Structures are given as structure tokens and as C-alpha cells.
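Asker: Following this message is one structure expressed as C-alpha cells.
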Amino acid sequence: MSGVGCRVGGHDNAFKNLPLEYRPRERLLSKGPASLSDAELLAILLNTGIQGKNVAVLAKELLALLDRCKEIPTVKEISALSGLGEAKACAIAAMLEFGFRRWGSAGKRIRNPADIYSLVRHHADRKQERFISISLNGAHEAQAVRVVTVGLVNRTIVHPREVFADLIQDRAAAFCVAHNHPSGQLSPSSEDDEITLRLQHSAEILGIHFLDHLIFSDSQWWSYRQNGRINDPIQA
């Protein structure tokens, strides 16, 4: 997590020697919050680490927890992380809930692959592949965006049942999936092709419209639908 820094205090001075332009707080002030990674945003919220664990490590551990949880984690789950007491865990849980209520992904309409990318691009900086599903209603409006599985450095393993369990619970009329390629290489692998085909077959059986499978990096994406690998067109 190079480049992560913030104004620190207490035991946390891991980033005090970084140039100001590399510190998240200063970058947020000059370029806005959208310019920061998830880990950098969390580092600002946490502000300090603890003895033996600087704020960058603590932010990374919190980010891993958030990636694993399909819903907003409880205060108990957050405070179980070493270095996060109940008070700070309460503040984090409140921030997550408020952000979700006011600016959550729910309601965003998916018309094309770029709309999918806007919902998942913040996962692009992860060092392992994240396989993400997006539940949609009949108007193709996002109901939920979830990390289904976390894989190896260059491979994620997912079974259709893990994807459709949440879609059925959401009573989704349609869905799309996406996963990041940490290497930055967007060409689909044979495993990517296989899971796309299995999802397409399962979707046909269950009567849930499969819109697209996106492979993405921090600056670009590759769409199965746009490249003619899923035939049923996205309807506006």
C-alpha cells in the first residue's frame, strides 16, 4: 500500500517523512476524495494506529474485513480487529451506514458496461482477485453490490451457487458480475470463460437475466457482452 499516509499521532509515525503530495489527507484536500483508494480513505478515518501496527496496516485489515462482509459489519465484528476499540468501531459503523443510506449504489441504473465499472472500480487496487455480483431489479437498477469470493493473486474461484444464493435472496430480475485482474491484463482466461458460461446456463434455468461479466483494472475494463460473448443485449 505504497503512498498511503496521513497526519499521525501517538505511536503512529509510519508516514511522517512522506512528501505532502503523497499523504491522503493532503491529496484529498487538493484533488478530492474520489482520487484516493479505499485503503487511503480508511487510513484518514482511522487517523492513527497502535503500538506495533501503524495506520496503514490497520486500514488494510479493516478493508479486508469489509471485503469479506456481504453487508455492513457489526460493531462487534469491527472491534474484533486488533487496534480498533469499541468507540472507534462505533464511529466506523455509523459512517458506513450513513454513507450507504445517502449515497449507496441502490437505484443506479445499468445501461452499459461503463455503468458496471463505476460500481466496482474501487476494487481495482486489490492484490487478489475479487469476484463481485450486482443484483438488479426489472428496470436494471442496482439493488446490491457484493464481493462473492476473494481469490489468489491471479485467480479467483467461484461456483454459480455462491452467486445465485444472494440473487435469489434479493429476488433479482437481472444481474451482472465483475472481477479485477491485479496484473492489469484484461484478456479473459479459460477459467473466466468457463465461469461465464456456467453462469449463463444457470441464469437461463432460473429465469434471471445475465447482463454482463466485466474484467477490470484501475483504468479500464473488458466486457463479455461488448465483445459478443454474451448474446442477449443490455436493454436500456
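The values are calculated or read from the model by the stated rules, or taken from the named source; none is laboratory data. Owing to the predicted nature of the structure, the values given are computational and were not obtained by experimental measurement. Glycine gets a Cβ as well: all are built from the backbone with ideal geometry, and neighbour counts include every protein chain shown.
Asker: Of the residues in segment 169-200, how many are over 21 Å from the mean Cα position of the chain (by Cα) and surrounded by 15 or more Cβ atoms within 10 Å (Cβ to Cβ)?
Answerer: Here the count works out to 2.
Asker: Something else now. Looking only at segment 137-169, which residues are more than 23 Å from residue 114 (Cβ to Cβ), in contact with a strand residue (DSSP E or B) (Cβ under 8 Å, 6 or more places away or on another chain) and charged (D, E, K, R)?
Answerer: Residues satisfying the conditions are 162, 166.
Asker: So is residue 127 in contact (Cβ under 8 Å) with a residue 40 or more places away in the chain, surrounded by fewer than 19 Cβ atoms within 10 Å (Cβ to Cβ) and not assigned by TED's automatic domain parsing to the domain that holds residue 28 or not?
Answerer: The answer is yes for residue 127.
Asker: Of the residues 133, 105, 82, 118, which single one is within 27 Å of residue 179 (Cβ to Cβ) and surrounded by fewer than 15 Cβ atoms within 10 Å (Cβ to Cβ)?
Answerer: Of the residues listed, the single one that is within 27 Å of residue 179 (Cβ to Cβ) and surrounded by fewer than 15 Cβ atoms within 10 Å (Cβ to Cβ) is 118.
Asker: Still on this model: Yes or no: segment 142-150 includes at least one residue that is modelled with pLDDT of 95 or more, out of contact with any helix residue (DSSP H, G or I) (no Cβ under 8 Å at 6 or more places or on another chain) and surrounded by 15 or more Cβ atoms within 10 Å (Cβ to Cβ).
Answerer: Looking through segment 142-150, none of the residues is modelled with pLDDT of 95 or more, out of contact with any helix residue (DSSP H, G or I) (no Cβ under 8 Å at 6 or more places or on another chain) and surrounded by 15 or more Cβ atoms within 10 Å (Cβ to Cβ).
Asker: Okay, next question. For residue 131, work out the one condition from (1) touching an Asp or Glu at 6+ places or on another chain (Cβ under 8 Å); (2) assigned to a strand (DSSP E or B) it doesn't fulfil.
Answerer: With respect to (1) touching an Asp or Glu at 6+ places or on another chain (Cβ under 8 Å); (2) assigned to a strand (DSSP E or B), residue 131 is out only on (1).
Asker: Also: If you go through segment 201-218 one residue at a time, do you hit one that is closer than 20 Å to residue 165 by Cα, charged (D, E, K, R) and surrounded by 14 or more Cβ atoms within 10 Å (Cβ to Cβ)?
Answerer: yes
Asker: Out of all the residues in segment 146-157, is one or more among the hydrophobic types (A, V, I, L, M, F, W, C), over 27 Å from residue 228 (Cα atoms) and in a helix (DSSP H, G or I)?
Answerer: Looking for residues that are among the hydrophobic types (A, V, I, L, M, F, W, C), over 27 Å from residue 228 (Cα atoms) and in a helix (DSSP H, G or I), one finds none in segment 146-157, hence no.
Asker: Looking at segment 66-124, which of the residues that are of a type in the set (Val, Ile, Thr) and touching a residue at least 24 places away in the same chain (Cβ under 8 Å) is nearest to residue 36 (Cα to Cα)?
Answerer: In this case the residue turns out to be 120.
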